[in-house]
Amino acid sequence: MKLLKPIVGILISLCACSTSLVFAQSGDQILDGIGETGLIARYTLEENVKDWSRNNLHGSIQGSAYTFIDDEEFGKVLSLSGDGKTFISIPGELMAGEESLSISGWFYLNSAENGAPLFDFEKNHKSSFSAAITADGFVAQVSTDTDKYNASSEAIELNKWNHIAVVLDIPSKTFATYLNGEMVSEVKNFEVELEQLFGSTIGKDGKFVIGKSLTSDDVSLKAKLHDFRIYRIPLSNRQIGWIHFSALHKEEAEEMMRNRQDADLQEFPESTPQLYNAYLTDVPTIEVETEVGFLPRLPRFVSGVFSKNIQGSDVRVLWPSPEDNSAVQNTGKYTVTGRVAGTDIQPKAIVTVKKVKKHTAPERTLEAFELNEVTLNADIHNHKTKFIENRDKFIHGLQHTNPDDFLYMFRNAFGQQQPEGAKPLGVWDSQETKLRGHATGHYLSALAQAYSSSAYDKSVQAEFADKMEYMVNTLYELSLLSGQAKSVGGKSVADPLAVPPGPGQADYNSDLSEDGIRTDYWNWGTGFISAYPPDQFIMLEHGAKYGTDNDKVWAPYYTLHKILAGLLDIYEVSGNEKALEIVKGMSDWVAARLNEVPEETLISIWNTYIAGEFGGMNEAMARLSRLTNEPRYLETAKLFDNIRVFFGDAGHTHGLAKNVDMFRGLHANQHIPQIMGALEIYRDSKEPEYFDIADNFWYKTTGDYMYSIGGVAGARNPANAECFTAEPATLYENGFSVGGQNETCATYNMLKLSRNLFLYNQQAKLMDYYERGLYNHILASVDKHTPANTYHVPLRAGSVKHFSNAHMDGFTCCNGTAIESNTKLQNSIYFRSADNKVLYVNLYVPSTLKWTDKNITVKQTTAYPKEDHTTLTINGSGKFDLNVRVPHWASKGFFVTINGKKQDVNAEPGTYLTISRKWKDGDKVELRMPFHFYLEPVMDQQNVASLFYGPVLLAAQEEDPRKEWRKVTLNAKDISKSILGNPEKLEFTIEGVVYKPFYETYGRHSVYLDVTLK
C-alpha cells in the first residue's frame, strides 16, 4: 500500500481543482480521467493489435515469434520473443499534424541485453523519436536534422511490470520520461516542433514500430507488453500518475475518479485587473418579466457606471443558472443576484412572474433563396474573395472524387461485388469503423449543393448531376434487396421487428471485419439501407454503449441522419423520386422499431454518450413529413425528442422548453442538431414549446458557452474537448481544453440553427452570430492550398490549426460538414419575406441575387471586410422594403446613400434598418459602417480577451509555442491608439507583433491575449 498514499494525494489535489459535478451521459467517453478526444490510439494488446480508440489506426504484427498469454496482473498480454524479427507496426499517418505527444505503456522486460527497444517512430533517417532500455538505464531520444535530445534515467527492474511514459510538451518546450508514475528525467529548452518529426499533413510515409529499433535489423524487444497508448496532448504529472494507479487499483480508481479536470491553464490572482471592470463602480438594478413556469431570460450585458471618464462597454454579468424552474411556479416577484468577474459588485435583477392566457411563438415569415439564385463574385478590385477561394477548393475536390469510393461500404454490407477502381475511404469510413457511411451522407448533400451552386458553369453542373444520379441509383438498388429473398422461393424477413441475429450468431453484434460482417440482407426487413447491417440499431435499443468492441455501437442514427438528409437534399434540387423512396423505406423501418420502444428506454438511449447521438433524425423525419404530406413521419420525428434536455423529465416540467439549461457538460454536437430538429417539428406542428427549445438553446449557447470565433465546445471539466463546460458562463474555469476546442462541425450546425431561427424571428443578433462564425471559424477552418480542413480549432496561446482530408478520402465528422459548408457559402446572404414584399441583406459579400419572383436582380459590390462599405445595385423595378443589417459592432455610425444622396437614417447597432422605396432600374444603395477595434473578453476572466476589427477576429502571429497568454497593454480610453497597421490589408502590429485575420492565419497564433488597460 505504499503506492496508494502519494496517489491519494494526487487525487485530493485533482478533486480540489474540480468545481462541480456534472450530469454525465452514460457511455465510455473518459479513460483514466482523460477525454477520448485527447487519445490518438490505444493498443490494449490483449488478443490482437487493433486500435481500441475511435480512430481505428490498427497495428499489425511482423514476424511470428509472439503469443498472447495469460498474466496474473493484467489478464491477457502480448509476449514478444526478442528474435530480432518480431515487432508491432502501426500506421505511418498516426502522428502527422499534432501539437504535442505523450506515450504510455506497460512493459515486463525479461532482458536488457543489447538494448531493449520500446518504440521507434521515424519519418526518415534524420528525424526520429524512440525509447529503449539499456544496461545503463531508460533512455528516450528525439533526433531532427539539426538537433538531438536525450532523456535518460537509471536502469529499471527486470522481470516485473513497469509503467513507462514519455511526454513531448511543445508549448512548455520540455521532453520528459516517467517510470511507474514518477518523472525520472526532464529535458528543458526542447526546441522541436512535431512537424519536424512527423510532418504537418496526414501521410503514410512514416515508419512507426513498437518493440523494435529501426536502426538495427537484429534487435527487438524480449518482453511482455500491455496497454500501449498514444495521446495528442502533453500528459501532466497527475494524469500519468493516475494512469499508473488506475491500472493497478481498478476498483478504487473507478470509485475515486469521475469527471475531474486537470488545472493546467494559466491562473491569475484575484487582484488582476480585468479590463474595464477595473474602472467599474456600480451596476444598477434591472427589472425583467417572465411567464409562470418559464425561467426569465436575464440579459448577459447591462449598463454600468465607470470611473475616470472611462467609457467601458456594457458589463458582462454572470447570473446563476438554476437546474429547474421552481422559482417561477407562482406569480409574484423575486430577486436574482449575479456577479461581475474580478469585482465584488453583485448586480441584481428583480423578476416579475406573470400568468398569461396562452403561450405563443412566432410564425415563419421569411424564406431563403435557392443556391442557384445567388452567385458569389470577385470583390470590387476583381480579387478572389476567401469565399470563392474556399468554394473552388471544394468544388474541384468533389469533381475528382469517385462515387464508388463512397458506395464501397454499402456494397460491402450487402455482400455485393465492388466495381473496378473502387477504393474504401479511410478514417471513420474504414472497414471496421462502426460509423462508416457517415461521409456518404455528407457527400450526397455536398453533391446536391455543388450542383445547385455551380449554375455559373453548366459543364461542372452536369458532372454533379451525373454523380448524384449514380449515387441514388446504386443506393436504391441496394435498398430494394433488404427483406427480399436472395433467390426465388428463398427465405426472407420483411418485418423490421423480426430481424434475427446474423447467421450462426446467438445475439446481435457490431463486428464489421471482413470475416465477421453479416451480409444476409434478406433478413434485414423491407426498406433498410445503411453501410452496415441492422445490428447496431437493435443493440442500441437493448442498451449498448459507445465503443469499439463488438458489443458496442457508434451512433447508428447519427450516420443514418446524414444519409437521409443527403438523399432529401438531392430530391429537393433534382426531383429524383428514387431518392425520396429510399428515405421513405428506411423511415418506415425506423418507425416500426422505435414505436415499440418504451418512453423510458428512449429517454435513456438519447442521453447515452455518442451511442445515442442521432444527428438531426427528428429534423429529417419532420422534413419528410412536409415533403410527402404524411403526418406519420412527424410523429416519428417526435420519437427522437431528447426529453431530458427538451422538457426536463417525462412530465415535461422544465428543460429548454421552460428556459432551463439541461445540456451543461454534455457533448455539444450530439445535441445541436437535435435542437434544429425541434425547430423543424415546430414548423409544421405549430407547438410553441418546440420553438422555445430552439430559441432558448441558441441564447444560452451563444451567451454562456461561446468562444470568440463562434465555437461552443472545448471543456476541461468534463475532460472532453467536444463537450460544453460543466457549468454555464465558466469558459475560463472549465473550458479551454488542452486537446483543443471548437469542433468545426458544431459551428456548422450552430450556423444552420441561427439561420433557421431568423426565418421566424428577425433579430439581428442571430445574423451577427452567423457573421462571426462564418468569417472567424468556417472560413478560417480551411487549409491555404487544399480542401483539407480542421476538426478542432485550438485557441490556447501559441496554438496552430491542423488540417486533414486534402484528397477527400478519409473523413471525420468535421471533414464531412466541411464539404457541405463550402458548397453553400452564399446561402444566407439574402432572405425574402414569404409574401415577397421585403428583402433582407444579412451579409456583406460580393454577390449577385436573382430574385425570380420579383424579376429583380441585386448586385452587391464590395471588398468587405477589407473595406467598410458596400454597394447594392438594383436591376429591375418594383416596390419592396430593403432591410439591411446594422452590425452589433457598428457603434461608429452606419451611413446610407441612395443614388449618391445621403439619407437621414436612425441606424441602431444590432438591428435591421428598413429602406422603403419604389425601386427603379439602376438604383444604387451605398452602405458604410466604419470599422473600429474592440475587445471581447472571456466572460469569467476578462483580462483574457480577443481583439476584433469590425467583424474580423485578429490573431497574433506567433513564431514559437507558448504556455502563457501573450501580454499586451492598450490605451484604456481608445485602444486604437496602441495599434498600428494597414486596414485595407487587415494587418496590424501591437508592440512589434503582427496581427492578421484568423481566416488568413495558417501558422502559430494567439487568438486570446492577456490585456492590461492603461
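Taking E599 as meeting all but one of (1) within 20 Å of G677 (Cβ to Cβ); (2) acidic (D, E); (3) in contact with a Lys or Arg (Cβ under 8 Å, 6 or more places away or on another chain), write down the number of the exception.
(3)
Within the range 783-805, identify whether any single residue is among the small types (G, A, S), surrounded by fewer than 24 Cβ atoms within 10 Å (Cβ to Cβ) and touching a helix residue (DSSP H, G or I) at 6+ places or on another chain (Cβ under 7 Å), and answer yes or no.
yes
Going through the range 379-416 one residue at a time, which ones are small (G, A, S) and not in a loop (DSSP other than H, G, I, E, B)?
Answer for the range 379-416, where residues must be small (G, A, S) and not in a loop (DSSP other than H, G, I, E, B): G397, A413.
Specify the residue that is farthest from M95 (Cα to Cα); the eligible residues are those in the range 226-252 that are hydrophobic (A, V, I, L, M, F, W, C) and in a helix (DSSP H, G or I).
Filtering first and then ranking leaves L248.
Can you run down the residue pairs with Cβ atoms below 7 Å, 6 or more apart or on separate chains, where the first is in the range 215-230 and in the same structural domain as Y108 (by TED's automatic domain parsing) and the partner is of a type in the set (V, I, T) and in a strand (DSSP E or B)?
As it stands, the answer is K224/V77; L225/V77; H226/V77; F228/I210; I230/I40; I230/I103, since those pairs meet every condition given.
Give me the pairs: first residue in the range 883-894 and within 19 Å of L759 (Cα to Cα), second residue buried (at least 22 other Cβ atoms within 10 Å of the Cβ) and small (G, A, S), beta-carbon distance under 9 Å, and six or more apart or on different chains, which are they?
P887/G950
Could you check how many residues of the range 994-1009 are of a type in the set (A, V, I, L, M, F, W, C) and touching an Asp or Glu at 6+ places or on another chain (Cβ under 8 Å)? I'd like the intermediate steps shown before the answer.
Kept after step one, since they are of a type in the set (A, V, I, L, M, F, W, C), are these residues of the range 994-1009: 994, 998, 1007, 1009.
Subset that is touching an Asp or Glu at 6+ places or on another chain (Cβ under 8 Å): 994.
The qualifying residues number 1.
Which one of these is free of Cβ contacts under 8 Å to residues at least 12 places away in the same chain, under 20 Å from N473 (Cβ atoms) and of a type outside the set (F, W, Y): E572, E577, E581?
None of the other options fit; the residue is E577.
Considering every residue within the range 671-685, establish whether at least one is among the hydroxyl-bearing types (S, T, Y), surrounded by fewer than 23 Cβ atoms within 10 Å (Cβ to Cβ) and part of a helix (DSSP H, G or I). Before you say what the answer is, go through the steps one by one.
First, pick out the residues of the range 671-685 that are among the hydroxyl-bearing types (S, T, Y): 682, 685.
Narrowing further to those that are surrounded by fewer than 23 Cβ atoms within 10 Å (Cβ to Cβ): 685.
In the following step, the residues that additionally are part of a helix (DSSP H, G or I) were identified as 685.
Yes, the range 671-685 has at least one match.
Of these, L872, L825, L839, which one is under 22 Å from D569 (Cβ atoms), buried (at least 22 other Cβ atoms within 10 Å of the Cβ), among the aliphatic types (A, V, I, L, M) and not assigned by TED's automatic domain parsing to the domain that holds E964?
Just a single option satisfies the conditions, and that option is L825.
Check S102 against each of (1) part of a strand (DSSP E or B); (2) surrounded by fewer than 21 Cβ atoms within 10 Å (Cβ to Cβ); (3) among the hydroxyl-bearing types (S, T, Y) and name the one condition it does not meet.
Exception for S102: condition (2).
Does K578 satisfy the criteria of being in a helix (DSSP H, G or I), over 20 Å from W52 (Cβ atoms) and among the charged types (D, E, K, R)?
For K578, the condition - in a helix (DSSP H, G or I), over 20 Å from W52 (Cβ atoms) and among the charged types (D, E, K, R) - is met.
Among the residues of the range 125-174, count how many are in a loop (DSSP other than H, G, I, E, B) and surrounded by 23 or more Cβ atoms within 10 Å (Cβ to Cβ).
Qualifying residue count, the range 125-174: 1.
Quick test for you: out of S459, S492, pick the one residue that is outside any loop (DSSP other than H, G, I, E, B), at pLDDT 95 or above and over 26 Å from the mean Cα position of the chain (by Cα).
S459
Counting just the residues of the range 785-836 that are assigned to a loop (DSSP other than H, G, I, E, B) and among the acidic types (D, E), which one comes out nearest to F387 (Cα to Cα)?
Among those that are assigned to a loop (DSSP other than H, G, I, E, B) and among the acidic types (D, E), it is D809.
Would you point out the residue of the range 612-639, among those that are under 15 Å from L594 (Cβ atoms) and among the aliphatic types (A, V, I, L, M), that is farthest from the chain's Cα centre (by Cα)?
Looking at the filtered set, the residue picked out is L634.
So which residues in the range 159-201 are within 27 Å of L109 (Cβ to Cβ) and of a type in the set (S, T, N, Q), if there are any at all?
Across the range 159-201, the qualifying residues are N159, N162, T174, T177, N180, S185.
Taking the criterion of being in a strand (DSSP E or B) and buried (at least 21 other Cβ atoms within 10 Å of the Cβ), would at least one residue in the range 54-65 satisfy it?
Within the range 54-65, not a single residue is in a strand (DSSP E or B) and buried (at least 21 other Cβ atoms within 10 Å of the Cβ).
The values are calculated or read from the model by the stated rules, or taken from the named source; none is laboratory data. Only a predicted model underlies this, so the values are computations on that prediction, with no experimental measurement involved. Every residue, glycine among them, receives a Cβ derived from its backbone with ideal geometry; neighbour counts consider all protein chains shown.
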